[in-house]
Structure formats: structure tokens, C-alpha cells
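Novice: Quick one: the structure is below, and I'll ask about it shortly.
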Amino acid sequence: MARKQDVIVIGGGIIGASIAWHLTRGGATVRLVAEQVGGVATPTSFAWINASWGNPEPYYRLRTRSIEEWQRLAADVADLQLSECGGLCWDLPPNELRRFASEHRNWGYDIREVSAKEAATLEPAVKTLPDLAVHARHEAAAEPVAATRALIRSALAGGMELLEGVRIIGLEATEGRMTGVRTETAFLGADRIVVAGGADTARLAATLGITIPVEAPPGLIVHSKPVPKMLNGLVIATELHVRQTQEGRIIAGSDFGGTDPGSDPDGAAKDLFDKVRAFLKGGDALEMDFHTVGYRPTPIDGFPIVGEVAGVDGLYLAVTHSGITLAPAIGRFAADEILTGEKQPLFAPYRLSRFEG
Ligand SMILES: Cc1cc2nc3c(=O)[nH]c(=O)nc-3n(C[C@H](O)[C@H](O)[C@H](O)COP(=O)(O)OP(=O)(O)OC[C@H]3O[C@@H](n4cnc5c(N)ncnc54)[C@H](O)[C@@H]3O)c2cc1C
């Protein structure tokens, strides 16, 4: 009989949680080690699940697959807090918006052009709507921390072990094989290690001399106090991306990834929130509750890094921006690759080896 795989997953954000959940479901013995359960970037995310404009087709395919995988997970994991709300988008000039809709429709995206009149029926609380917008029915949002915690709860019920509040200071390998990880107080042995440490993945990999080209640009998101329902779905307007959370908060960034708040984040948050108030009917009554400045783990070419590392048996990396969109697909395919050794074709463009040379 095949030996049960013993895997340590580093990272309790949405990526580590999803990989750990899928590995546990696949029959592995999993220890999830996380300094912060719920993640670091994950709680500061806008959490738009999409395969929207600006991406090459292979990346579009991975993203649309992950939207489907979100639906599968929602049927399987209690309290995932996924909202399949659709997205109304007009953050491109009309000719580019048309080109985007037509290209993505040809690729199979469920997207259509809508007039200002129809947009007003979709989002009646928005004060001024453009003559042309596009609506993507399958775009969604998740409450990222709730989803992460739901995955971890479900994996714990399936037998996973959680080491919470534990910081890994280094990865250890002997003769090209992983032997384990070192915390501040102990050595944890395992021959399979998944590093899903967000922006800290580069520092962890560097302890084995491996270079991971990742940046972490800052992004500002403002949150209102909860209010009764104002928005039906995601609104991706010019210079303002807005949605309402399941708790009723209106959250927004000048871009979904947030933008750099500069040297005065409080002032930038206030200015951004004023824009939100001006954008919505009844917006004057909105009160800002808090803002976040998150740091998006972003490989320097803008695409994920997933997979094994050549020359180090048993080491698997998963670091990406758009991690809310991609978590279900990355979790499923990473677990499959680790458990079966078979390579997932959708991951082919996203190996670390693309940066070699
Ligand atoms: C402002 C902003 C807006 C965004 N908007 C979107 C969006 O609309 N749609 C979308 O799809 N994505 C979005 N993203 C990106 C998305 O949020 C991230 O890609 C995702 O959250 C990354 O998750 P992660 O689990 O890899 O990392 P993180 O959430 O950062 O989690 C890292 C985990 O690793 C642990 N860890 C790290 N180092 C160690 C160590 N040494 N020892 C132990 N534990 C360690 C941490 O404690 C944490 O648990 C946005 C991000 C930001 C910042």
C-alpha cells in the first residue's frame, strides 16, 4: 500500500488554506503552520473573483476554471461566504470595452454589453451610469477571511493539524531533498513542504538559496460601516471599484487591487471615501469605519508562481496576486500535483523556472 503523504503547508492565508484543504481531502497527513491564521494580504483584499480584461488567454483559462472551482467549493465547504453576484464594468474607454467584451465572449466568458438604462436596473444605487458598460454574470466576490477560516475549519474536521501563531524561520534540505522546517523553538520534519507564505515566500525560499522574484505593492481599500443593501454586485467603474460585503459594508479602492496611498494613508482614505459617497445615491449617509493598506504578493511578471522547484525534491511553491480568484484552482491542482506527481497543464506557464536566465 502507498505510504500516506506527510505534508507541511506554510501559510494560513487563502492560498495555504485551499492547498491544505485539498491535500487533506486527498488523503494526505497535513500540518498547516501559520503565523497569522486568515492571512496577511488576504484580509486586506477587495476579493473580486474574475477573469476580466488585460490577461492573455492561458491566464484567462486558469481564472475561469477557478471561478468554476469556487462553485464546487461552495457546495462542499460550509460558510464559505461566496456571493455569485456578477460584475458591472466600465473602467475602459468604450472602444476598448467593446473589444474586451467581444474577445472574452469568443473565449466563452458570459459577458454582454449593457446600456445605461439596463445598468440602472442592475445597480439602481449608482448615481451616474455610462452609455455603455459590460456585465459578466459569473463574476463573484468572497469574504476572504471567512472563506479562509471556513476552509481551515473544514480541513481540521478532516484531520488536518493546525500550528497557529508559529513562525517558520527557515526551510531545511539535505542533498537536494527537503527534510523539514525550523521554527523559533523546534524542528518540524517532513519530506514535503508547501510554501504559501504570500509576500514572505521569497524570504523563506532564500533560506535555501532560492530566489523568488516577488514584489508586494501597497493597496488602499476603504470600508464603510454596514448599511442595508445598496449594491447588487461588483461595480468596476472608472477609477472606483466598489462592492458591498455580506456584512453590509461598502468597500472600495480606486482600483480593485488598491492603489498606493502615498505618505498620508489617512488622507488618501478620506479622499477615496468621499468619492464613494459621491458615487452612490444615499452615499451622504455612509460613514467610513476603517481602511486597510494591504501588500499584494505579486511575482514580477504579474503571473502566479506555482509548482515544484528543480533541484529540491519535496519543495512546492504557491505565490500569486489575484489569490482570491485563484485559490480554489491553485488548491486543487497543487494538491493533485503533490499527491499524484502528474503535472497540471493549466499551470505550465507559471513555473519558477520561467525566470531562469
Ligand atoms: C488591496 C488588495 C486588493 C486585492 N484585490 C484582489 C481582488 O479583488 N481579487 C483577487 O483575486 N485578489 C486580490 N488581491 C490579492 C489577494 O488578496 C492575494 O493574492 C491573496 O490574499 C494572497 O493570499 P496568500 O494566502 O498567498 O497570502 P497571505 O494572505 O499574505 O497569507 C500568507 C500566510 O503565510 C503566513 N506566513 C508567512 N510567512 C510565514 C512564516 N515565516 N511562518 C509562518 N507563517 C508564515 C502568514 O502568517 C499568512 O498566514 C488583493 C490584494 C490586496 C492587497
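Novice: So which of 58, 43 is touching a helix residue (DSSP H, G or I) at 6+ places or on another chain (Cβ under 8 Å), under 24 Å from residue 146 (Cα atoms) and surrounded by fewer than 20 Cβ atoms within 10 Å (Cβ to Cβ)?
Specialist: Checking each option against the conditions leaves just 43.
Novice: Among (1) more than 8 Å from the ligand (Cβ to nearest atom); (2) part of a strand (DSSP E or B), there is one condition residue 210 misses while meeting the rest; what is its number?
Specialist: (2)
Novice: Need a quick list: helices (runs of 4 or more DSSP H) entirely within the range 67-162 having at least 3 residues that are modelled with pLDDT of 95 or more and either under 22 Å from residue 283 (Cβ atoms) or among the polar types (S, T, N, Q) (or both).
Specialist: Correct list: 94-107, 116-122.
Novice: Here is a list: 50, 55. Which entry is within 9 Å of the ligand (Cβ to nearest atom), under 17 Å from the mean Cα position of the chain (by Cα) and not assigned by TED's automatic domain parsing to the domain that holds residue 330?
Specialist: Criteria check complete, one pass: 50.
Novice: Output the strands (runs of 3 or more DSSP E) that fall wholly within the range 239-321 and possess 2 or more residues being surrounded by fewer than 20 Cβ atoms within 10 Å (Cβ to Cβ), away from the ligand (no atom under 13 Å from the Cβ) and more than 23 Å from the chain's Cα centre (by Cα), or say none.
Specialist: 288-295, 312-319
Novice: Can I ask one more? Any residue in the range 167-182 that is farther than 22 Å from residue 6 by Cα and acidic (Asp, Glu)?
Specialist: no
Novice: Further question on the same structure: Hey, can you tell me all the residues within the range 21-47 that are within 15 Å of the ligand (Cβ to nearest atom) and of a type in the set (D, E, K, R)?
Specialist: Correct list: 31, 35.
Novice: Hey, any hits in the range 30-45 for a residue that's in a helix (DSSP H, G or I), within 18 Å of residue 307 (Cα to Cα) and not assigned by TED's automatic domain parsing to the domain that holds residue 235?
Specialist: Scanning the range 30-45 turns up no residue that is in a helix (DSSP H, G or I), within 18 Å of residue 307 (Cα to Cα) and not assigned by TED's automatic domain parsing to the domain that holds residue 235.
Novice: With the structure loaded, tell me whether residue 23 is in contact (Cβ under 8 Å) with a residue 24 or more places away in the chain and more than 22 Å from residue 178 (Cα to Cα) or whether it fails that test.
Specialist: no
The values are calculated or read from the model by the stated rules, or taken from the named source; none is laboratory data. As the structure is a prediction and not an experimental result, all values here were calculated from the model. Note: ideal-geometry Cβ built from the backbone for every residue, glycine included; neighbour counts use all protein chains shown.
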